[in-house]
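Participant: Questions regarding the structure given below will be posed in turn.
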Amino acid sequence: MKFTSAFILLFLPWLVLSGKYDPLHIGMGIICSTLVALWCKDLLFPNDHISFKKFSKRTIRFIPYMCWLFWQIVLSNIHVLKVALSPRMNDLISPKMVQFKTDVTEEISMFVLANSITLTPGTVTVRVEEKRFLVHALTEKAASGLPGESDEMERRIIKVFEKEN
């Protein structure tokens, strides 16, 4: 069931995004979707007991999160660009390592949180151990935006992956 669900989840967007429906493109889509589904089925469906209904709800809740994350990436790009082009760049750059403990509990939630932090310019997730994250931040503003108490990114991830029903 994991493989079939992962294959469908990967192949349908392939069909839509490729826009080409000749045998070559459909065959390539089948081959690529099959290989990725074999490798990633446990990442997409980490729990054998997760129902398709629950997975579907997570997927639907993930779409607004991705839109919000995209906007945060745009804002962070603007911030890093301003810092890089500023004549006071040396004063604005204050790299630091920030450690924080997260409230997320599921492995997929920690995976998404770590990657969301790394995707946001100016920050890189260095290490995740249990519920502790170590992140490198380029500026004071980037460091202050990292998860901690009542952080929006963390709250949104919990809403997507850990909210019951």
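Participant: So which of Leu134, Leu92, Leu138 is touching a Pro at 6+ places or on another chain (Cβ under 7 Å), touching a residue at least 24 places away in the same chain (Cβ under 8 Å) and either over 30 Å from Ala6 (Cβ atoms) or not hydroxyl-bearing (Ser, Thr, Tyr) (or both)? Talk me through it step by step, then tell me what you get.
Facilitator: On the way: Leu134 fails: touching a Pro at 6+ places or on another chain (Cβ under 7 Å); Leu92 fails: touching a Pro at 6+ places or on another chain (Cβ under 7 Å).
Answer to the check: Leu138.
Participant: Only one of Val160, Val80 is in contact (Cβ under 8 Å) with a residue 40 or more places away in the chain and either within 30 Å of Ser5 (Cβ to Cβ) or of a type in the set (Gly, Ala, Ser) (or both); which?
Facilitator: Checking each option against the conditions leaves just Val160.
Participant: Considering only residues that are among the polar types (S, T, N, Q) and at pLDDT 90 or above, which ones fall in segment 1-42?
Facilitator: Ser33, Thr34 - these are the residues of segment 1-42 that are among the polar types (S, T, N, Q) and at pLDDT 90 or above.
Participant: Might you let me know whether segment 52-59 holds any residue that is modelled with pLDDT of 90 or more, exposed (fewer than 14 other Cβ atoms within 10 Å of the Cβ) and either assigned to a loop (DSSP other than H, G, I, E, B) or among the aromatic types (Phe, Trp, Tyr) (or both)? Reasoning before the result, please.
Facilitator: Initially, segment 52-59 is screened for residues modelled with pLDDT of 90 or more, giving none.
No, segment 52-59 has no match at all.
Participant: Right, another one. Return the only residue of Pro87, Pro64 being more than 21 Å from Ile157 (Cβ to Cβ) and not in a strand (DSSP E or B).
Facilitator: Residue meeting the stated conditions: Pro87.
Participant: For segment 60-115, enumerate the residues that are loosely packed, with under 14 Cβ neighbours inside 10 Å and of a type in the set (Lys, Arg).
Facilitator: Once the filter is applied, which keeps residues that are loosely packed, with under 14 Cβ neighbours inside 10 Å and of a type in the set (Lys, Arg), segment 60-115 yields Lys82, Arg88, Lys96, Lys101.
Participant: Right, here's the next one. Which one of the conditions (1) hydroxyl-bearing (Ser, Thr, Tyr); (2) at pLDDT below 85; (3) closer than 17 Å to Gly122 by Cα does Ser76 fail to meet, given that it meets all the rest?
Facilitator: For Ser76, the exception is condition (2).
Participant: Could you please tell me which pairs satisfy a Cβ distance under 7 Å, a separation of 6+ or placement on different chains, a first residue in segment 1-28 that is more than 25 Å from Phe45 (Cβ to Cβ), and a second residue that is assigned to a helix (DSSP H, G or I) and of a type in the set (S, T, N, Q)?
Facilitator: Matching pairs, first to second residue: His25/Ser18.
Participant: So, one more: Would you confirm, using the coordinates I've provided, whether His136 is touching a strand residue (DSSP E or B) at 6+ places or on another chain (Cβ under 6 Å) and modelled with pLDDT of 90 or more?
Facilitator: yes
Participant: Something else: Could you tell me which residue of segment 9-34 is farthest from the chain's Cα centre (by Cα), considering only residues that are surrounded by fewer than 13 Cβ atoms within 10 Å (Cβ to Cβ) and under 23 Å from Phe62 (Cβ atoms)? Please lay out each step first, then the result.
Facilitator: Step one: list which residues in segment 9-34 are surrounded by fewer than 13 Cβ atoms within 10 Å (Cβ to Cβ), which gives 12-13, 16-17, 19-24, 27, 31.
Filter once more, so that each one left must be under 23 Å from Phe62 (Cβ atoms): 12-13, 16-17.
Numbers: Leu12: 21, Pro13: 18, Val16: 22, Leu17: 21 Å.
Among residues in segment 9-34 that are surrounded by fewer than 13 Cβ atoms within 10 Å (Cβ to Cβ) and under 23 Å from Phe62 (Cβ atoms), the one farthest from the chain's Cα centre (by Cα) is Val16.
Participant: So the check is Cβ under 7 Å with 6+ separation or different chains; which pairs have a first residue in segment 100-124 that's more than 12 Å from Glu162 (Cα to Cα) and a second one that's among the basic types (Lys, Arg) and modelled with pLDDT of 90 or more?
Facilitator: Lys101/Arg132
The values are calculated or read from the model by the stated rules, or taken from the named source; none is laboratory data. The structure presented is a predicted model; accordingly, all values stated were derived computationally and were not measured. A quick note on method: Cβ atoms are made from the backbone with ideal geometry, for glycine too, and the neighbour counts reach across all protein chains shown.
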